[in-house]
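Visitor: One structure, pasted below without further comment.
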Amino acid sequence: MRRWPVAVAVTAALVAGCSSSPEPDVSPSVSSTPTASASAVPSPTETASATPSPSTSASPSVAATAARDGCPAFDATGASASSDDWTDDLSDRLWGVTMRVGTHECYDRWVLEFKGRGGMPGWSVTPHEASTFAVDGSGEDLSPALAGSASLEVRFGAWYDGTALDRAAYDGPMRVITGGFVAIQDARIVGALEGVSQVGIGLDELRPYRVRWLEDPPRLVVDVAK
């Protein structure tokens, strides 16, 4: 893998899959504007690929959540997570297609769907006790802030927009406002720099979460416990 010396700057207007439960695939109602709202719709059953083994850092504020009422156990609240050596695992064979947010009985779900033939790119998730964080490249705080009082900063080693790879431009929503979900309030693509894309997920508060990579089609998924 190699870093691409191209920067994509974006002005904002934003895994974990169950092997046995359906993805709460909530397709945004996309209009001509780059902002979409989410609404519940039926969704197909999904099959997860091999689960990556994330590394975690920071001292979690609570222990890993136990499964309850049929819900899966999630990682601890407040801990950062990443795939192994994620900054060295950049893909020039994947590019973003669309972003969506859905809801499930046990969790809310964020999805970034890709095209291409590459495997899982490197990824990292950093929780913040605020609805903003530093934007890659400029170092300035994300503005405007995400909806909610906390956030997850998601970074992954692939272009969310295919133009840097002479592929199709990203045609999905740049922002999804959920309008009443329990955990995820907002999702926004922030931008991309040197082959690393940055996304913000606004939360009502810091909550346990999990990360997965799913196939057919390839997508990075973050589930946030309710």
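Visitor: Go through (1) in a strand (DSSP E or B); (2) at pLDDT 85 or above for Leu90 and report which single condition fails.
Guide: Exception for Leu90: condition (1).
Visitor: Let me ask something additional. Out of contact with any strand residue (DSSP E or B) (no Cβ under 6 Å at 6 or more places or on another chain) and not in a loop (DSSP other than H, G, I, E, B) - does that describe any residue in the stretch 139-148?
Guide: Yes, the stretch 139-148 has at least one match.
Visitor: Just to be sure before I move on: is Asp108 part of a strand (DSSP E or B), crowded, with 19+ Cβ neighbours inside 10 Å, in contact with a strand residue (DSSP E or B) (Cβ under 7 Å, 6 or more places away or on another chain) and among the acidic types (Asp, Glu) in the structure I sent?
Guide: Yes: the conditions hold for Asp108.
Visitor: Only one of these is buried (at least 23 other Cβ atoms within 10 Å of the Cβ) and farther than 16 Å from Glu113 by Cα: Leu165, Leu220, Leu193, Leu203. Name it.
Guide: Leu203
Visitor: Just one of (1) modelled with pLDDT under 95; (2) farther than 21 Å from Asp216 by Cα trips up Ser138, so point out which.
Guide: Only one criterion is unmet by Ser138, namely (1).
Quick grid of which residues meet (1) out of contact with any Asp or Glu (no Cβ under 9 Å at 6 or more places or on another chain); (2) small (Gly, Ala, Ser); (3) outside any strand (DSSP E or B):
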{"position": "Cys71", "(1), (2), (3)": "no, no, yes"}
{"position": "Phe74", "(1), (2), (3)": "no, no, yes"}
{"position": "Ala81", "(1), (2), (3)": "no, yes, no"}
{"position": "Val97", "(1), (2), (3)": "no, no, no"}
{"position": "Met120", "(1), (2), (3)": "no, no, yes"}
{"position": "Thr132", "(1), (2), (3)": "no, no, yes"}
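The values are calculated or read from the model by the stated rules, or taken from the named source; none is laboratory data. Because the structure is a prediction, the values reported are computed rather than measured. Neighbour counts are summed over all protein chains in view; Cβ atoms, including those assigned to glycine, are modelled from backbone coordinates with ideal geometry.
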